[in-house]
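So the structure is just underneath, and the comments pick up after that.
Since every read-out is calculated from the coordinates, none of them should be taken as a lab result. As the structure is a prediction and not an experimental result, all values here were calculated from the model. Cβ atoms come from the backbone with ideal geometry, glycine included; neighbour counts cover every protein chain shown.
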Amino acid sequence: MKLRDGACSSPRVRSVRFAIPPPGPMTHRSLPSGDAPGLRVGELAARAGVSVRALHHYEAAGLLRPRRTGAGHRRYGPVDAERLFHVTALRALGLGLDAIREVLDAPDADPVALVARQREALAAEARRLDALADRLGDLGRLLQQRATAGAPIPPDTFLTLTTAMSAFDRHYTPGQLQQLADRREALGEDAIRAVEAEWPRLFEAVGREMDAGTDPAAPTARALIDRWDELVAMFTGGDPGIRQSLGTAVEADREGASAMMGLDPDRMRDLFAFAQRVRDAR
C-alpha cells in the first residue's frame, strides 16, 4: 500500500471510486414514492443494505430526519431515502459523518477541497498501515531468529520484543521516524534482511575477540567494530541526531534492546563496552 507523489496505489483504496452506489440493493427505483405512507425503519434498512442501528446512528448525527407517527414510530419518505442514498455513497468514499453533513447541508461546501482533504487523509492512513506492516515484518523476523528446532516462542519473549519495539519509537522525533522510514525504503527489504542476518554473526565474532582478550587496537578487533559502525550508519543514514536517539533508546531499555539483538543483557553491555574501547584505541 505504498503511496507515491500523493497518489494511493492500494487496490482497495483505488476501488473506492467503484463503490459509490450503496452496498445494499437500494436504488432510485426502490425509493418510496411521494404519495407512499413511508417506510418503517426495518424496511428502509433492508432496502439500503444497512443495519437499523446505522439508521439510528445517522439520525442521531443529524443526517436523517424521519417523521414520527402519532405512536412515535419512525417513517421514512422519499427525501429521507434519497438522503440515505447519498450518505451511504459518501461513506463508501471513507468520509466521516461531519464531512458528510457538510456536503449535504452546507450550500457553499467546496467538494473539490473536501475530496482533496479525503485523499490526504487516506494517504496518511496508508502510510500508517505501511509502517505497521513493516513493524510486523520486523517482529516476525526477530521471532524467527529466536525459534529453535520448531520449539514455540515463550510468551515472555514475544511480549518483551513487542514492548521494546514500541518503546524504541518513543525516543525518536516524528521527523526522525520519517527519515528512518525513508531510509528503509531507499535500502530495500533485501538489504535490510541481509543486515539483520549479519548482526548476530557480527556480535558472535566480536564476542570471540573480547573473550580471547584481544587488544582493542588489534586489526582484527578494529575491522569488526568498523563493520559494526558501518551497519549502524546504514540504519541512521549518518545522522548524528538519530544515532543519539538510538543510543538513548538502548540505555533506557537495556532488557528490551538486548532481546531485540538476541543477547543476554550482561553480554550486550560487555560487547558494547568492548566496542567502545576499540573505537577509543583507533
Give the residue from M165, T220, G62 lying farthest towards the positive end of the charge dipole for the chain; charges sit on Cβ (+1 for Lys and Arg, -1 for Asp and Glu) and the dipole is referred to the Cα centre. G62
Degrees, to the nearest 10: 240-252 long Cα axis against longest axis of the chain: 90 degrees
Potential lengthening between A60 and D110 on full extension [0.36 nm per residue; Cα-Cα distance subtracted]: 15.5 nm
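Any idea what the relative contact order of the chain is, in percent, if you count C-alpha pairs under 8 Å spaced at least 6 apart?
Values: 227 pairs, mean separation 44.9, N = 282.
Computed value for the chain: 16 percent relative contact order.
By how many nm would the segment from D138 to D190 grow when fully extended, if each residue of separation counts as 0.36 nm and the alpha-carbon distance is taken off?
Details: separation 52, 0.36 × 52 = 18.72 nm, distance 1.27 nm.
So the chain would gain 17.5 nm between D138 and D190.
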Cα-based radius of gyration of the range 154-280 once divided by 2.2 N^0.38 Å, which approximates compact folds: 1.08
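How big is the charge dipole of the range 168-227 about its Cα centre, in debye rounded to the nearest 20, if each Lys and Arg gets +1 on its Cβ and each Asp and Glu gets -1 on its Cβ? All intermediate terms of the calculation are to be shown ahead of the outcome.
Values: 8 positive and 12 negative charges, 21 e Å.
In debye, rounded to 20, the range 168-227 gives about 100.
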Report the dimensions of the chain along its three principal axes from the alpha-carbon atoms, largest first, rounded to Å. 96, 41, 29
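Using only DSSP helix segments of four residues or longer, with each worth -39500 (n - 2.57), what per-residue ellipticity at 222 nm results for the chain after dividing by its residue count and rounding to 500?
Values: 13 runs with 188 residues, N = 282.
Dividing the helical sum by the residues of the chain leaves -21500 deg cm²/dmol.
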Projecting the Cα atoms of L136, Q244, F85 onto the charge dipole of the chain, where Lys and Arg contribute +1 and Asp and Glu -1 at Cβ, the residue farthest towards the positive end is F85
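Want the number for E230 to L177: 0.36 nm per residue separation, take away the alpha-carbon distance, what's left?
On the way: separation 53, 0.36 × 53 = 19.08 nm, distance 1.99 nm.
So the extension gain works out to 17.1 nm.
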Taking the Cβ of A61 as the center, what net charge do the other residues with Cβ under 10 Å away carry, scoring Lys and Arg +1 and Asp and Glu -1? -1
Taking the chain as the reference, fit the longest principal axis to its C-alpha atoms, fit the long axis of helix 174-187 to the helix C-alpha atoms, and give the angle between the two in degrees, 0 to 90, nearest 10. 70 degrees
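For the chain, what is the charge dipole size about the Cα centre, in debye to the nearest 20, if Lys and Arg each add +1 at the Cβ and Asp and Glu each add -1 at the Cβ?
On the way: 39 positive and 39 negative charges, 303 e Å.
Here the chain has a charge dipole of around 1460 debye.
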Can you list the HN-Hα couplings for the range 131-144, worked out from phi with the Karplus curve (6.51, -1.76, 1.60; θ = phi - 60°), rounded to whole Hz and with x for Gly and Pro? 5, 5, 4, 4, 4, 5, x, 4, 5, x, 5, 4, 5, 5
